[in-house]
Structure formats: C-alpha cells, structure tokens
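Since the structure comes first, as structure tokens, the remarks are kept for the end.
No value in this document is a laboratory result; all are computed from the given coordinates. As the structure is a computational prediction, the values presented were derived from the model and not from experiment. So basically every Cβ, Gly included, is an ideal-geometry build from the backbone, and we count neighbours across all protein chains shown.
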Amino acid sequence: MAKQEDVFKTIVAHAKEYGFVFQSSEIYDGLSAVYDYGQNGVELKNNIKRYWWEAMTMLHDNIVGIDSAIFMHPTIWKASGHVDAFNDPLIDNKDSKKRYRADVLIEDEIAKFDEKINKEVAKAAKRFGESFDEEMFRKTNPRVMEHIAKRDELHRRYSEAMNANDLAALKQVILDYEIVDPISGTRNWTDVRQFNLMFKTEMGSTADGAMEVYLRPETAQGIFVNYLNVQKTGRMRIPFGIAQIGKAFRNEIVARQFIFRMREFEQMEMQFFVRPGEELKWFDSWRQTRMRWHKALGLGDEKYRFHDHEKLAHYANAATDIEFQMPFGFKEVEGIHSRTNFDLSQHEKFSGKKIQYFDQEIGESYVPYVIETSIGVDRMFLSVLCSCYEAQNLENGESRVVLHFPAPIAPVKCAVLPLVKKDGLPEKAREIQHRLRFDMTCQYDEKDSIGKRYRRQDAIGTPYCVTVDHQTLEDNTVTLRERDSMEQRRVSIDELEKILIENVSLNSLLKKLL
Ligand code: ATP
C-alpha cells in the first residue's frame, strides 16, 4: 500500500513538473481542492472531452448537445431535491481533528471484508490448481462464510441507516464495527451531522433585494429544464438523449486524492429520455455502451469494474458505477442511473408547466423516464494519467519516465526535431511541422541533444517524434520514432503524414465503438 501511495505522489509531482495540473492560486499558497490545468493538461482534457462528445453526438442520430448556464433559477434546486437533501453525513475524529464522510468510512470497511474474501479465494485457487471450484469454495469454506456473513450484516445495517437517513444509527455502525480513524487510530468520534454541499452566492445588488443563487452541483438539471426546448425545436422523438459538458461545484467535506475530489470540477452528462416501462432495458444498454467507450481506450480491461448500488436514491430504480483501478483502489469514475420520471415530474410540479411527450406510436402522453450517464472529466483525466505513467529502466542502463497515452488523446501528437541546429535542418523541420500542424498538435524542438529531447517528449506522452537529419535533405526521408517501443524507422515525408493521421486521429478511436 505504502508503495502505491509513493507512486501516486510521484505521479502528482510529474503532473506539475510537466505542465499538466497545478494547484490553484499556488503563489498565494493554494486554494484547497481547486486545481488548474496547464499547457499539456488542457490538451489532454480537451481530447477526453472531444472523445466523449463525439462518441455521444456524432455516433448517435438521436443524441444532441446543449450548453446551459451555471446559474439557474434557485427553485430548480428545490425541485431537484438538492436544497433539502444534497447532504453528506460527516463525522469528526476528536483526536486527529480530521473530518470524514461517515458513509465512506463504512464503505471502506466493507471493502476490507471483500479483500479478505478475495485473498482466501486466491490462496485456495493456487493450492487446488485446475480442480478448484470457486463457487463451491465460497459457499462452504468456514472462514470465507464468516467474512461474507459479517460483510452482509454490515451492508444491511449501513443501507438501512442511509435509507432512513438515521444519523445515530450510522454512528452506531461505526462504533460497533470498531472503525478507527486512519490517522489517529482511535475511535473517539463525534456524532454524525448533515452538511449541504451546494455553494451559495447572490445575484443582483443587495439594495434591490438580491436573489440567493447556487453554483450548480451537477449539469443534469440544465438538461432537464431544457427538455421541452430541445424536444420541440429539434423535433426529437423518444427515445432520444441530450448531452452536456460543463463545470459543477460541490463544497466537499473532505477533499482528497488530488483531482479525484475537487470543489470545482467538470462533468460530461447525458440524459436519455425513454418510454416508461422501457427504462431498465435502456439502462442495461447504456451500461454496456459506456463500458465499451472506456475499454476502447486500451488502458487495460482488468482496470474496470461495475459497482451496483446498494443504496438507491428514492427516485432511482437502478444504478451502477463504473469504477477504475486508481493507485488508491477501485474508485467511481462514472455513474449510470435509471432516474425514473422524478426530475421532469418535479419540474412540472414546481414550474407549473406541462412537461409531457405525446408518443404517436402508442397514442399516449407521458412524462418520459430518464437514463443518465454521468462522468467526471477530471476523474477520467486522473485514471488516464495514473494508468499511463511508467518509470522505466532501459536495457542500456538508462531510465526514462514515459506516459503511454492512447495516441488519439495525447496532448502533443508529434514532435519534429532537427538533429542539429544548422545546415538547413531547422528550416526543413519547420517545413514539416507546418505541414502537419493543420491535422494535429505538433511541436518543434531544437534545444539539447536528441536523446534529451526524446525524453522530454516521452515525459509528456508524445506518441511520435520525427527527426530531420542530413539524409533528409538528400532523399526527403526522416526518422520516425515510436514512443512505447522506441523503435525508429526511415519513412518518406510524403508517407509520414498518412501514417501519423491514421494513428493519432480521434476517428481511429471512435471507429472502435461501432
Ligand atoms: P462520490 O460518491 O465520489 O462523491 P457521486 O456519486 O456524488 O461521487 P455523481 O453525483 O454521480 O457523483 O457525479 C457524477 C460524476 O461526477 C462522478 O462519477 C465523478 O466522476 C464526478 N464527480 C462527482 N463529484 C466530484 C468531485 N468532487 N470532484 C471531481 N469529480 C467529481
């Protein structure tokens, strides 16, 4: 574990050193849980967003996008339930003076039981070899059965307390399971309290009686309140979806793990409107579609898993998370929820406007049901960064840090490097860069030795380097170096463009989805 923590620290330091992510307001000692993206970070982030946006809107005839404002009428948050119920249960440890989310403490404890069970299973699988029957083992091994029983009991009590919003019961679970503060190691806990996560501000001058407004805690409501506008003006027929990318704000109690939990972050959400009764079919379909989108990046299929929700929000009838293996464990990157017609019905009620769809096929009007896919851009960024980072020892005794970004989302696609700064090589290299820059982000670099320049590009994940040498002037060929294999081959300049575009364009990734 300690080792993974060190790896994570190294990745965070690398992200700063190479212009991916900076602490916000750093020269003023920073602002907690707020981050800025640097010159390479913004490119990677934009590419992730483009990959999502185009997969949603270009590849689906029935999904369109919008861009709604961050400020919205405050009644919207009353209707959505955020004013009354967007709370996290928090608990303080009196010794360490640290604050935790009570639900997270308990979920971590549940995960520990799962770890113990998996360890027993792995041990037995090794011992019995091919004849191992995992299902039978789980059902009959006394130690495993004991862990499962304890975990299930913990689950049951936790779900009950959360569903009933019973804060005292939540604290009792923490006490009964002897959950300790990871820092102080003690069980000296305060009571559990609720804390609303929305940021408030004022609109208009106070003299006129300013209106209290919120910074949106999710982008989804901007989609719901525009449902009628889009459906009518786009003449959309159910089933159809509305996609949006935008900032969201949450006054998180415990901001931790770098950009995993921020107070200002970005979401990519798509609300898919369906006929009542068909929502579970669509839920299942979006569950698969979204996992395919993740896996197409090639970061490793084993790094993903679904986590079906124990505790369903009162309006949801199915929910799952797509979790990714971060250096600090499997964590939620995306949520997929079947939200019934809760949001649209609430807006109907609070606005007094009819939000119905007349379904010609069945000759009925209804409030559509909704499947939501909601993914955090920053968490996606973090999963890409962490899984692509590698400190490599090379055969020749040297070492390098390389970011194995999938080429279509790499911040810089190609670097053009003249071998020396004279003899007309810089001019030739500039000419090549100029040809390529209309199709991809392409850097020119002539400083330092060629080896050092390769290392710099490896460290920001540039998939290709093109080296221009004296031979280039004679036969119009260059050396094309591939980042991961470090293989170099000679190609003609005319060929170069085609090879690069084939490998770095977003299309190559999008085509995997069909
Ligand atoms: P968590 O349980 O981790 O707080 P959540 O279930 O509240 O997350 P949702 O409301 O489902 O999250 O939001 C959808 C997505 O938005 C999440 O899957 C995550 O990727 C992203 N997200 C939510 N909160 C944050 C945050 N504070 N910082 C960065 N990303 C976030």
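Helix 450-460 and the long axis of the chain differ in direction by around 10°, with both axes built from C-alpha atoms. For q values of 0.06, 0.11, 0.12 Å⁻¹, compute log₁₀ I(q)/I(0) with the Debye formula on a Cα-only model of the chain, without solvent. So the normalised log intensities work out to -0.36, -1.12, -1.26. Over the chain, dividing the summed -39,500 (n - 2.57) contributions of all DSSP H runs of at least 4 residues by the number of residues returns a 222 nm mean residue ellipticity of -12000 deg cm²/dmol.
Each of His73, His434, His294 was scored by other Cβ atoms within 10 Å of its Cβ. Arranged with the fewest first, they read His434, His73, His294.
Take the alpha carbon gyration tensor of segment 60-126, find the square roots of its eigenvalues, order them as a ≥ b ≥ c, and report rounded if a/c is under 1.5; if not, report prolate when a/b exceeds b/c, else oblate.
On the way: a/c = 4.00, a/b = 1.51, b/c = 2.65.
The shape class here is oblate.
Considering all different alpha carbon pairs of segment 400-513, the Kirkwood hydrodynamic radius works out to 14.1 Å. Its residue count N fixes a reference of 2.2 N^0.38 Å for segment 87-196, and the Cα radius of gyration divided by that reference is 1.29. Averaging the Cα positions of each part gives two centres, and for segment 124-156 and segment 253-322 these lie 29 Å apart. Under the simplified labelling scheme, the Leu197-Ser32 pair shows an inter-label distance of 1.7 nm, with each label point 7 Å from Cα along Cα→Cβ.
By the count of other C-beta atoms within 10 Å, a proxy for reagent exposure, Asp6, Asp469 are ordered fewest to most as Asp6, Asp469.
Within straight-line reach of Lys3, meaning a Cα separation under 21 Å, sit the following lysines at least 8 residues removed in sequence or on another chain: Lys16, Lys112, Lys116, Lys119, Lys303, Lys331.
If you keep only loop residues by DSSP, which trypsin sites (Lys or Arg not before Pro) in segment 176-238 have at most 10 other Cβ atoms within 10 Å of their Cβ? Present the calculation step by step, with values, prior to reporting the outcome.
Working: sites: Arg187, Arg193, Lys200, Lys232, Arg235, Arg237; in loops: Arg187, Arg235, Arg237.
Here the trypsin sites (Lys or Arg not before Pro) that fit, given the DSSP loop and packing criteria, are Arg235.
If you take every DSSP beta bridge fully contained in segment 400-513, what fraction is antiparallel? Give it as a percent rounded to 5. Counting DSSP beta bridges with both partners in segment 400-513, the antiparallel share is about 55 percent.
Add +1 for every Lys or Arg and -1 for every Asp or Glu among the other residues with Cβ under 13 Å from the Cβ of Cys388, and state the total.
On the way: positive: Lys303, Arg483; negative: Glu390, Asp458, Asp484.
Once all neighbours under 13 Å are counted, the net charge is -1.
Using θ = phi - 60° in the Karplus curve 6.51 cos²θ - 1.76 cosθ + 1.60, the 3J(HN,Hα) couplings for segment 351-360 round to 8, x, 9, 6, 10, 10, 10, 8, 8, 5 Hz; x is entered for Gly and Pro. Under the simplified labelling scheme, the Glu135-Asp439 pair shows an inter-label distance of 5.2 nm, with each label point 7 Å from Cα along Cα→Cβ. Evaluated over segment 400-513, the count of Lys pairs having alpha-carbon atoms less than 20 Å apart is 14 (only pairs 8 or more residues apart or interchain). The fewest-to-most ranking of Met291, Met326 by surrounding Cβ atoms within 10 Å reads Met291, Met326. Computed 3J(HN,Hα) for segment 188-197, one whole-Hz value per residue from the Karplus formula 6.51 cos²θ - 1.76 cosθ + 1.60 where θ = phi - 60°, is 8, 9, 7, 5, 8, 10, 8, 9, 7, 8, glycine and proline marked x. Computed from the C-alpha gyration tensor, the three semi-axes of the ellipsoid equivalent to segment 280-350 are 27, 14, 10 Å, from longest to shortest. Can you give the angle from 0 to 90° between the axis of helix 39-53 and the longest principal axis of the chain, with both taken from C-alpha atoms, to the nearest 10? That helix lies at roughly 60 degrees to the long axis.
Between Glu107 and Lys123, what is 0.36 nm times their sequence separation minus the Cα-Cα distance? Round to one decimal in nm.
Net length gain for the segment: 3.3 nm.
Axis angle, to the nearest 10 degrees, between helix 493-504 and the longest C-alpha principal axis of the chain: 10 degrees.
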